[in-house]
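A short worksheet on the structure shown next.
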Amino acid sequence: MRIKRETLLSVALVTPSIIAIAIFVYGFIGWTARVSLSKWKGLLPDYTWVGLDNFKGLFQDPRFHIDIRNTLIFTVIFVIGSLIIGLGLAILLDQNIKGEGFFRSLYLFPMAISFIVTGVVWRWLMNPATGSRMSGLNLLFDTLGLDFMISRWHTTPYWGIAFIALPAIWQMSGYTMALYLGGLRGIPVELREAAQVDGANEVQIYRFIILPLLRPITLSAMIILGHISLKVFDLIIAVAGKQLPLDVPAIYMWQVTFDGYFFGRGAAIGILLLLSVAVLIVPYLVYTLRTEAEV
Amino acid sequence: MRARSRSNKWFIYIPLILAAFFYLIPMYVMLVTGFKGFEEVSLKTMWDLPKGIRFDNFIAAYKALAPFLWNSFNMVFPAAIISSILGSLNGYVLAKWKFKGSEIIFPAILFGMFIPYQSILIPLVEFMRDINLYGGLPGLVLAHVIYGIPITTLTFRNYYATIPKELIEASRIDGCGLLSSYWHILLPISAPAFVVVIIWQFTSAWNDFLFAVVLTSPSNWPVTVALNNLAGSQIIAWNVQMAGSFLAALPTLLVYIFLGRYFLRGLMAGALKG
């Protein structure tokens, strides 16, 4: 009898959260899906069924083509850049050096800052003005005689979005470093020692033993970074405002919904974003929880 | 227990120090610009150190941002505390009082942490309008509390999972029920998890832009939205923007500097959060 009462009580304790998540996550996703299949354009809700018209319209829209292209370029550069820098720094920090804690905290501090602050500062660092109005990093490169590095940054035609990945890497590569460092620390010293006894040099140890063991970390990092880049929004707003060449789905969604009142299309973008994130996250969640259960 | 020597490693420091410069550049520019006097400020001398310490820029930035900084503070504390309490209760039940279906409920809650908020934004705004919380800070707090539940639940569940079952069983023999075990046994040793979670929620709510920009009206803007607006305006000089950025980053930076160890632990909570 007591057991039963306590089971009820335990369910009661989590019920408020379950209801909240059921409504605010799953209910709202369903609601958005319904809006995405409706005609709603204007201030007043209009749930007239239009099937997949909003999705069709989106895929025929040149602006959305730019969004997909920009997201792909941004994702590739941001993820690869963060992984390389993160892994490189983690390996260097793992060499049993003095001041490791200091460097580690230094590389990680951008994580504590908002994308808005990062974006506002990088907006001035990546100032594309030339001649007497030159400033930011261009001015620094000019002073140091590194003229070849002077760039139009995010105003570069076609590839502008690639430069937005730079502040994003600045912000997230330290986090990637911390993930890899955690992984390196988890590798038993005996493995390295055994390889050394077998005559492997340092490079071979990394190439054949350590890097393969870090593969699960790379996978998690790619998923975490990849889902951040699909959602990238405030960073671009803070660096460049809303500009078509730097447009991404999240900005389009915001503008078409809250400035343009085309709720049907905004909802369709939201659903497409959700589907692309779910493709990454659901297998990852299932995998993580299953391995956890086995341990 | 690594016996590898520390000598002959100087070449490792070259890339480490170069990387340190890379991470410090934005900080450097914010600070040297912030401490310059108005007459000293020029894009041409952006990289030069200030001639003295002046607070003109910070005062101007504070004047422009003060109400919004307070909005952020007023929003962030309730958001962090309420979602931590909910997370603690959920974590307790999901770690120690598993019931039929709880192994499905946990991942179902976790999924909420990864969804792109664009997929719930329209209903969220409509819902807040319906319950009359649109435009103000309470609505924003509510959004942060609810969408914070997944990460706080995850952290507490992982923390409570490390606490031996015997402790709870012993308390049951002593006559404790579900609630009194929580109150007398788990809560007193939950401080580390609370610190991690509150810091994490504080940081993410303080740094949020998306919820704030769609849910609050201009007088209730938190500092991220106000700063973005300031940066987009032609009237506010870039030096004041730099000082303003520093003010907006300061609370979370201080948290990081003084409580960084816990912040890291929050980050590493299963490395599940992005």
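The values are calculated or read from the model by the stated rules, or taken from the named source; none is laboratory data. This is a predicted model, so every value here is computed, not measured. A quick note on method: Cβ atoms are made from the backbone with ideal geometry, for glycine too, and the neighbour counts reach across all protein chains shown.
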>> When the residues of segment B:133-176 are narrowed to those that are assigned to a helix (DSSP H, G or I) and charged (D, E, K, R), which ends up surrounded by the fewest Cβ atoms within 10 Å (Cβ to Cβ)?
In response: B:GLU166
>> Could you tell me how many of the residues in segment B:248-266 are buried (at least 23 other Cβ atoms within 10 Å of the Cβ) and aliphatic (A, V, I, L, M)?
In response: 2
> Pick from segment A:35-68 the residues that are in contact (Cβ under 8 Å) with a residue 40 or more places away in the chain and of a type in the set (Lys, Arg): which of them is surrounded by the fewest Cβ atoms within 10 Å (Cβ to Cβ)?
Replying inline: A:ARG63
>> Whether any residue in segment B:59-76 is crowded, with 21+ Cβ neighbours inside 10 Å, modelled with pLDDT of 95 or more and within 11 Å of chain A (Cβ to nearest Cβ) is what I want to check.
In response: yes
>> Can you go through A:GLY30, A:GLY88 and tell me which one is modelled with pLDDT of 95 or more, out of contact with any strand residue (DSSP E or B) (no Cβ under 7 Å at 6 or more places or on another chain) and under 30 Å from A:ALA240 (Cβ atoms)?
In response: A:GLY88
> Can you pull out the residues in segment A:215-250 that are over 23 Å from B:SER119 (Cβ atoms) and surrounded by 21 or more Cβ atoms within 10 Å (Cβ to Cβ)?
Replying inline: A:ILE217, A:ALA221, A:VAL239, A:ALA240
> What is the one condition in (1) among the hydrophobic types (A, V, I, L, M, F, W, C); (2) more than 9 Å from chain A (Cβ to nearest Cβ); (3) in contact (Cβ under 8 Å) with a residue 24 or more places away in the chain that B:VAL32 does not satisfy?
Replying inline: (3)
> Where residues in segment A:128-157 are within 24 Å of the chain's Cα centre (by Cα) and surrounded by 16 or more Cβ atoms within 10 Å (Cβ to Cβ), which of them is farthest from the other protein chains (Cβ to nearest Cβ)?
Replying inline: A:THR155
>> I want to confirm something. Restricting to segment B:201-245 and keeping residues that are of a type in the set (A, V, I, L, M, F, W, C) and not in a helix (DSSP H, G or I), which single residue is nearest to B:VAL145 (Cα to Cα)?
In response: B:PHE209
>> Of everything in segment A:248-277, what is within 17 Å of A:ILE223 (Cα to Cα) and within 8 Å of another protein chain (Cβ to nearest Cβ)? Give them in sequence order.
In response: A:LEU273, A:LEU274, A:VAL277
> Which residue out of A:ASP147, A:ASP46, A:ASP53, A:ASP67 is of a type in the set (Asp, Glu) and in contact with a strand residue (DSSP E or B) (Cβ under 7 Å, 6 or more places away or on another chain)?
Replying inline: A:ASP46
> How many residues are touching a residue at least 12 places away in the same chain (Cβ under 8 Å), within 20 Å of B:TRP183 (Cβ to Cβ) and either over 13 Å from the mean Cα position of the chain (by Cα) or not in a helix (DSSP H, G or I) (or both) when one looks only at segment B:73-88?
Replying inline: 4
> Do the conditions hold for B:SER88, that is, is it among the small types (Gly, Ala, Ser), away from chain A (no Cβ under 11 Å), crowded, with 16+ Cβ neighbours inside 10 Å and more than 30 Å from A:VAL121 (Cα to Cα)?
Replying inline: no
> Are any residues in segment B:184-198 surrounded by fewer than 13 Cβ atoms within 10 Å (Cβ to Cβ) and farther than 18 Å from B:SER83 by Cβ, and if so, which ones?
Replying inline: B:HIS184, B:PRO188, B:ILE189
>> Between A:LEU83, A:LEU72, which is within 20 Å of the chain's Cα centre (by Cα), assigned by TED's automatic domain parsing to the domain that holds A:LEU179 and loosely packed, with under 14 Cβ neighbours inside 10 Å?
In response: A:LEU72
> Got a sec? Which of A:PRO245, A:PRO212 is assigned to a helix (DSSP H, G or I), touching a Gly at 6+ places or on another chain (Cβ under 8 Å), away from chain B (no Cβ under 11 Å) and at pLDDT 90 or above?
Replying inline: A:PRO245
>> Restricting to segment A:34-57, give me the number of residues that are closer than 19 Å to A:TYR261 by Cβ, under 30 Å from the mean Cα position of the chain (by Cα) and among the hydrophobic types (A, V, I, L, M, F, W, C).
In response: 3
